[in-house]
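Have a look at the structure below, then the notes.
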Amino acid sequence: MAIAMTTGYSAQTEGALLCIEAASDWALTCVDQLTAQTSHVLIDYGAADGGTAVGLWHQVLDRLHANQPDAHLTLIGNDLPSNDNVALAENLALQIPREPKPTVLVSARSFYEPSVAPNTVSFGFSATAMHWLSESPGPLDTHTHVLASADADALQRFTAQALKDWTYILELRSKELQVGGRLLTVNLSRDGEGRYLGHNGGETRNVHDQLHQIWRGMADEGLISEEQYRKGTVLNFYKSPEEFMAPLKDTASAPYRNGLRLVDERTVYVKCPYRRRWNEDGDTASFAAGLMATIRSWSRHSFASVAGDALADQVYARLEQRIADAPSEWSLDYVEHHQMMEKVA
Ligand SMILES: C[S@@+](CC[C@H](N)C(=O)[O-])C[C@H]1O[C@@H](n2cnc3c(N)ncnc32)[C@H](O)[C@@H]1O
């Protein structure tokens, strides 16, 4: 699995918090539609340290308790074994004092595996996590991110892998959901104009191109080998709305056959909070440090895993310098796809 967040995740990712807040209306809609039961299981897939979702789960638990005061609630936080799962357990535990005193659990497994028993989940949620691919679809020799590359062959392979992975994720979730259960996914995506995280259509620099330029420059300087250059790939994919909906429109797909249905979808844009603050205070050093850290939080593993920590640190020193040299040309804007789903009989 080519992903590991750096520590202190939620302190470094103000944008991800805003993305979760932008989905809270649909999360509440989902729990409002749950039928009365003696207990409900809620799960947050790819929760990182859980800090960005504390407010969301407050709201969701309060609403479900208000709707169904006699129901026992269990909240499960899921992420990889390599995640800071102690921090996740601590953030989940912040929910315990509120009525109805929910049970909280950590599932330290991949969301490419089953997480809980079939037919147990009432509400599944995931934010900004399911864009990571389960395996490499083969080489990407000319860039560090396929969507910013001009490699048509690699694009085809990455797209096929992303659709295979997404269909499998939905198949697993469709088994875990109860009939009547809801699934809300909030995923980094690509809009109709080809915009995605770090590429806002030319308003500011493409962040993936910048990372690639730095990485290519380190190869040209002989700091990394050509092989390390080629292996430095951010192994994720930002799907289009049509790609997200495809397994739910295909009546022969495994998730569809398991009863998973599309309820609603939308694309939501979240502007870079670091850039917004710089517009107000003009503090370039803080902007460069903050924006660099948030980009590092999701991309570092792609470079450190092939070239080691010291060379990865150089990538981010150079990135911070580039931001500081031309702050008005930087922003990390999010394009997120929200998809609300239900399991029917
Ligand atoms: C950008 S963070 C998002 C965290 C949180 N959901 C949020 O929105 O702030 C992405 C998280 O997905 C997790 N992740 C990536 N692949 C995963 C997998 N296969 N199974 C579980 N978690 C995964 C990473 O470890 C990371 O913590």
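The values are calculated or read from the model by the stated rules, or taken from the named source; none is laboratory data. Computed from a predicted structure; not experimentally measured. Note that each Cβ is placed from the backbone with ideal geometry, even for glycine, and that neighbours are counted across all protein chains shown. Accessible surface is based on the protein model in full, side chains and every heavy atom, while ligands, DNA and RNA are left aside. Shrake-Rupley method; radii C 1.70, N 1.55, O 1.52, S 1.80 Å.
From most to least packed by mean Cβ count within 10 Å, the peptides 231-240, 205-214 give 231-240, 205-214. Rounded to the nearest 20, the Cβ-based charge dipole of the chain about its Cα centre (Lys and Arg +1, Asp and Glu -1) stands at 660 debye.
Taking label points 7 Å from Cα along the Cα-to-Cβ direction, residue 66 and residue 168 give a separation of 4.1 nm.
Per-residue ellipticity at 222 nm computed for the chain from its helices equals -13500 deg cm²/dmol, with DSSP H segments shorter than 4 residues left out and the rest contributing -39,500 (n - 2.57).
By DSSP, what percent of the beta bridges with both residues in the chain are antiparallel, rounded to the nearest 5? Here the antiparallel bridges make up roughly 45 percent for the chain. Each label was represented as a point 7 Å from its Cα along the Cα-to-Cβ direction; for residue 156 and residue 141 these points are 1.6 nm apart. Taking the Cα of residue 271, stepping 7 Å toward and past its beta carbon, and measuring to each backbone N in segment 283-311: which are under 11 Å? Answer for this model: none. Which residue, 40, 102, 269, has the largest displacement toward the positive end of the dipole of the chain when charges sit on each Cβ (Lys, Arg +1; Asp, Glu -1)? Toward the positive end, the furthest listed residue is 40. Rolling a 1.4 angstrom probe over the chain with all protein chains present gives an accessible area of which 52% lies on carbon and sulfur atoms.
For residue 250 and residue 117, a Förster radius of 30 Å and the Cβ-Cβ distance give a FRET efficiency of 0.70, rounded to the nearest 0.05. Using 0.36 nm per residue and subtracting the Cα-Cα separation, the extra length available between residue 226 and residue 257 on full extension is 6.6 nm.
Here the calculated FRET efficiency for residue 203 and residue 94, from their Cβ-Cβ distance with R0 = 35 Å, stands at 0.40, rounded to the nearest 0.05. Its alpha carbons give segment 175-271 an Rg and a Dmax of 18.9, 58 Å.
Given in Å, the Rg to one decimal and the Dmax to the nearest whole number for the Cα atoms of the chain are 20.2, 65. Residues in segment 9-343 average 39 Å² of solvent-accessible surface per residue, probe 1.4 Å, ligands and nucleic acids excluded. The distance separating the Cα centre of segment 45-84 from that of segment 92-169 comes to 17 Å. Working ranking of peptides 220-227, 45-52 by packing, defined as the average number of other Cβ atoms within 10 Å per residue, highest first, is 45-52, 220-227.
In terms of Cα atoms, the Rg and Dmax of segment 1-106 work out to 13.9, 42 Å. Using θ = phi - 60° and the Karplus relation 6.51 cos²θ - 1.76 cosθ + 1.60, list the HN-Hα couplings for segment 191-208 in order, rounded to whole Hz, with x at every Gly or Pro. The phi angles translate into 8, x, 9, x, 7, 7, 3, x, 10, 9, x, x, 4, 9, 5, 6, 4, 5 Hz. A simple spin-label model places pseudo-atoms 7 Å from Cα toward Cβ; at residue 21 and residue 109 they are separated by 3.5 nm.
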